[in-house]
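Q: The structure is given below, and queries will be raised subsequently.
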Amino acid sequence: MITCWPCLMPPKLRILTKIPSMTELLFLTLFAHLQLDPNMENHPLLFHMLRTGNSLEIIVRSYKLLVDLDKHFPRVYLSQSSSNSPSKLVVAKEAWSPFINCLDNGTAEAGDKESSGPLDPSSFQLLIEDVAEIISGTKLQAANVEPLRKMLLFQYLVIVFEDDFLPRNASTTWNMQRESLLSLLLGSRKINYKSLMKDCLAIICQLSQLLHGEFSNHLELQQSTQSKLSRNCHAALSLSLFGVLKDTCVSIEKLLVMIMNLDMARKKADMEGHTTRADSPRTPLMEIILDELAYNKDSVPLFFKTFSEPKLKLEIVVQYLGKYITKPSVRTRKTNDYIEYETFGGALKCFSNKTGIKSLMKKIGVDVIQFLLAHGFQAQLSILSNGNADANISGDKEGGVGALVDLCHAFISAFNNFINTDAHMEILSIGKEALFTAATIIAAKS
């Protein structure tokens with residue numbers, strides 16, 4: 001069961017591999033050893049434990065040790081800058097990776113899908129499909145550690161992507177960005193890119209429904225007839241599963257954010273003429289998100305309730321509204337009331353037209369419009385509050401306060417025009433909260 005371990009173990013511990021019942025004791029001994037002597041050679045062993053462990057303790061400790069070792073031994077990082085030289089991107093080319101070498105090579109050796117070896121792109125897609133299937137199930141069995149194992153494996157791989165991509169993205173050099181693990185994975189011919197992205201969206205929406213609903217309705221807490229676990233053990237597994245679900249939700253959002261940032265980096269490189277034929281075009285993730293949200297409007301509140309990155313969230317809201325806002329076919333010199341539709345402020349101005357509002361209500365629906373307005377307001381408010389305003393917002397304190405107040409006035413005006421269009425409209429709680437926030441800011445700043 002663990003025959004691949006001995007070559008990576010201290011000699012005195014190898015005898016324990018011959019006793020299956022000693023697996024957990026072996027791991028605990030190894031855990032103490034690894035704490036005293038951390039090095040890159042321990043990665044394959046810990047990765048094997050993470051992928052094949054049958055106990056909660058082994059799976060969780062393997063995951064934590066892998067994360068800790070990656071912090072001590074980064075594969076990619078920016079060197080410290082000095083007065084004489086700027087920071088440089090450092091890549092440890094010989095470092096171990098949970099993915100097989102040459103992710104971009106269509107003829108590369110297949111990854112180990114079932115046991116302990118590094119994964120190839122198709123293995124990663126299978127993992128995403130498994131996670132989506134687990135989360136979409138009507139019940140999550142507390143007695144089963146497999147969901148925990150797969151979700152922790154996914155979380156670890158996202159950390160690997162993040163540690164590799166963020167320093168490369170900070171370098172703003174397309175040659176470095178295109179060589180990131182994430183870019184190589186998404187460009188691989190071994191995956192169905194659109195299917196992978198749709199599974200990721202399904203996961204974030206299902207997790208939103210699960211975590212913001214009644215978790216107990218989805219979790220089977222009753223002890224299985226085949227299980228010998230105690231009630232206390234079931235309770236521990238249930239709490240662990242809930243925590244892992246929350247962390248998985250954070251990880252899937254991080255993955256989506258990285259992919260959209262990679263798309264923006266590629267678009268910028270393309271405009272500057274830095275891309276080549278090797279940079280095969282693919283549909284930007286934001287377009288896929290917009291299409292999926294337009295196709296399934298029930299997923300709109302679930303997605304925005306969970307997706308929190310303000311700039312990207314605001315961009316999705318603006319583009320979603322822009323798909324349905326009626327625009328003048330031709331702009332002439334006499335057009336004095338021209339509206340910039342590509343900003344949230346411009347979208348709010350469109351709610352001054354009663355005919356346009358009715359058209360939006362017919363195309364999108366009353367509830368979806370409320371969610372878009374409220375989440376767009378929250379995202380714009382977050383951007384302004386953090387000082388990340390656009391060029392039209394001055395950086396001084398008075399200008400920042402003025403921008404906040406202007407935003408709140410515009411939001412209240414647009415929302416009032418919207419609800420006055422239909423006297424029988426029910427205002428959702430998220431709409432009421434956004435209106436209350438806007439009114440409070442105006443009162444505090446005036």
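Bear in mind that the values in this text are calculations on the coordinates, not laboratory data. The structure presented is a predicted model; accordingly, all values stated were derived computationally and were not measured. So basically every Cβ, Gly included, is an ideal-geometry build from the backbone, and we count neighbours across all protein chains shown.
Q: Please get the size of the charge dipole for segment 47-98, origin at its Cα centre, with Cβ charges of +1 on Lys and Arg and -1 on Asp and Glu, quoted in debye to the nearest 20.
A: Using only the charged Cβ atoms, the result is roughly 100 debye.
Q: With a 10 Å radius around each residue's Cβ, average the other Cβ atoms per peptide and rank 371-383, 265-277, 43-55, 184-196, highest first.
A: Order by mean packing, descending: 371-383, 43-55, 184-196, 265-277.
Q: Count charges around Ser382 for me, please; just the other residues with Cβ under 10 Å from its Cβ, Lys/Arg as +1, Asp/Glu as -1.
A: Result for the local shell: +1.
Q: Quick one: if the Förster radius is 22 Å, what FRET efficiency do Lys71 and Asn175 give, using the C-beta to C-beta distance and rounding to 0.05?
A: The formula returns an efficiency of 0.25 here.
Q: Let me ask something additional. How much net charge surrounds Ser97 when only other residues with a Cβ under 12 Å from its Cβ are counted (Lys, Arg +1; Asp, Glu -1)?
A: That works out to -3.
Q: Quick one: which of Lys194/Lys363; Lys246/Lys363; Lys267/Lys323; Lys194/Lys313; Lys268/Lys362 span more than 29 angstrom between C-alpha atoms?
A: Lys246/Lys363; Lys268/Lys362
Q: Just subtract the alpha-carbon distance of Glu433 and Leu166 from 0.36 nm times their residue separation and send over the number in nm, one decimal.
A: So the extension gain works out to 92.7 nm.
Q: Here's a follow-up. Sort 431-437, 201-207, 129-135, 299-305 for me by packing, meaning the mean count of neighbouring Cβ atoms within 10 Å per residue, highest on top.
A: Packing order, densest peptide first, comes out as 201-207, 299-305, 129-135, 431-437.
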